[in-house]
Amino acid sequence: MWVSDAWTDYRLSDGADGEKLEVWGDMRYIRPDPQIIWDHKTFPKLWDNADGHYHRSPAGGGAWEFCNEAAREERIISYRGLKFIIKPTGFKHMGLFPEQAVNWDFMRGLIKDAGREIRVLNLFGYTGAATVACAGAGASVCHVDAAKGMVACAKRNAEINGLAGKDIRYIVDDAIKFTGREGRRGKKYDAVVMDPPTYGRGPDGELWKVEDELYGLIRACMDILSDTPLFFVINSYTGSMSHTTVKNLMLLTLCKKFGGSVTSDEIGLKFENSDMILPCGSATRWEKS
């Protein structure tokens, strides 16, 4: 498992009864997590000091309960020189997935060592953590997301990192349609990172189901990769699709055309003061090594 264990502004303190206790900056939050199926709290007293608690509703969705009004507000946390805006959202998320830090490190290292200009395509870019990581390492980035609000958040994350004037292109569009148009325009990229949802809809109502669309999207990306691509990263939170399946897709496409190697594994976060690790999806990486 690839574990994001270099955080200082984020800590996973405990977990029990389908919930996790986290520290984001100077605030403690309790949020649901389906992987936590045990009932034992290692540090029960810490749970009493939570500033915010997201309660699931039996009817679906849920709502936040705040014990500290300041916990409602956005704040900035840092990771190895990168800065990110976080804030509780109505969908339990905080605007950042800390487990993805292992992929930021992977991409930043390859970009810095490339010795040439690297053009990155970030599909399903969300609030732009991967965009900030790649641009901060010196790459030009095209950030694509179907949600206009998420693209606005990505721009703000770039701004607080001093990247507002850097070569970052922001696109509100369906990932498949945009990739196809880029191919017809003859655009080329040296690297691709994508975080596809299990289900979703594009800005014009386009239906996305990852099992049906992912292979086709990878093949479309093949048409816009340069002759000397650097890396291709796919994150997955789809429990029904193994990272080995995604690895097979990369072997059939990227390795067949460019050679290189593929690695895949679960990604996770270590519980504070414990040997336990919380699994948080998976990642599959191709690199031209």
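Put simply, the amide H of D33, placed in the peptide plane, has neighbours under 5 Å in E19, K20, leaving out anything fewer than 5 places away on its chain. The amide H of V192, built 1.01 Å from its N in the peptide plane, has L121, F231, F232, V233 as neighbours under 5 Å, considering only residues 5 or more places off or on other chains. Remark on T42: its backbone amide H falls under 5 Å from those of G15, a criterion applied only to residues 5 or more positions apart or on other chains, H modelled at 1.01 Å from N.
Just need the relative contact order of the stretch 121-210 here, percent rounded to a whole number, with Cα pairs under 8 Å and 6+ apart.
On the way: 152 pairs, mean separation 29.0, N = 90.
Reported relative contact order: 32 percent.
Candidate cross-link partners of K177 among the aspartates and glutamates, defined by an alpha-carbon separation under 17 Å and a same-chain spacing of 8 or more, comprise D145, D195, D204, E206, D212, E213, D223. Estimated purely from DSSP H runs of n ≥ 4, each contributing -39500 (n - 2.57), the mean residue ellipticity at 222 nm for the chain is -7000 deg cm²/dmol once divided by its residues. Here I118, I234, I277, I37 are placed in order of increasing Cβ neighbour count within 10 Å, fewest first, which gives I37, I277, I118, I234.
Would you order C280, C255 from fewest to most other beta-carbon atoms within 10 Å of each residue's own beta-carbon?
Numbers: C280 22, C255 15.
Listed from fewest to most nearby Cβ atoms, that is C255, C280.
Once you order the gyration tensor axes a ≥ b ≥ c over the Cα atoms, which shape class does the stretch 98-287 get: rounded for a/c under 1.5, otherwise prolate or oblate by comparing a/b with b/c?
rounded
For the stretch 189-195, 3J(HN,Hα) computed residue by residue from phi via the Karplus equation (6.51, -1.76, 1.60; θ = phi - 60°) reads 10, 9, 7, 10, 10, 9, 10 Hz, glycine and proline entered as x. Here the Karplus curve 6.51 cos²θ - 1.76 cosθ + 1.60, taken at θ = phi - 60°, turns the phi angles of the stretch 46-52 into couplings of 5, 5, 6, 9, 5, 8, x Hz, with x standing for Gly and Pro.
At 0.36 nm per residue, and after removing the present C-alpha to C-alpha distance, how many nm does the segment from R169 to F91 gain when stretched out fully? Can you show the working numbers first?
Working: separation 78, 0.36 × 78 = 28.08 nm, distance 2.69 nm.
My answer for the length gained is 25.4 nm.
Ranked for footprinting exposure by Cβ neighbours inside 10 Å, fewest first, T228, T131, T42 give T228, T42, T131.
So for the stretch 126-179, averaging the separation of alpha carbon pairs under 8 Å that are six or more residues apart and normalising by length, what relative contact order in percent results? Please report the intermediate quantities before stating the final value.
Details: 80 pairs, mean separation 23.8, N = 54.
About 44 percent, as a whole number.
Cross-link partners for K247 among the lysines, with Cα-Cα distance under 19 Å and sequence neighbours closer than 8 places in the same chain left out: K209, K256, K257, K288. Taken one residue at a time, the phi angles of the stretch 77-91 give Karplus couplings (6.51, -1.76, 1.60, θ = phi - 60°) of 10, 10, 8, 6, x, 8, 10, 9, 7, 10, 6, x, 10, x, 10 Hz. Gly and Pro are set to x. If you build a Gaussian network model of the chain, linking Cα atoms that sit under 10 Å apart, which residue out of G239, G268, G25 swings the most? Comparing G239, G268, G25 in the GNM, the peak value goes to G239.
Values quoted throughout were computed directly from the atomic coordinates according to the rules given, and no laboratory measurement underlies them. The model shown is predicted, which means the values in this text are computed figures rather than measured ones. Methodologically, a virtual Cβ is constructed for each residue, glycine included, from the backbone with ideal geometry; neighbour enumeration extends over all protein chains shown.
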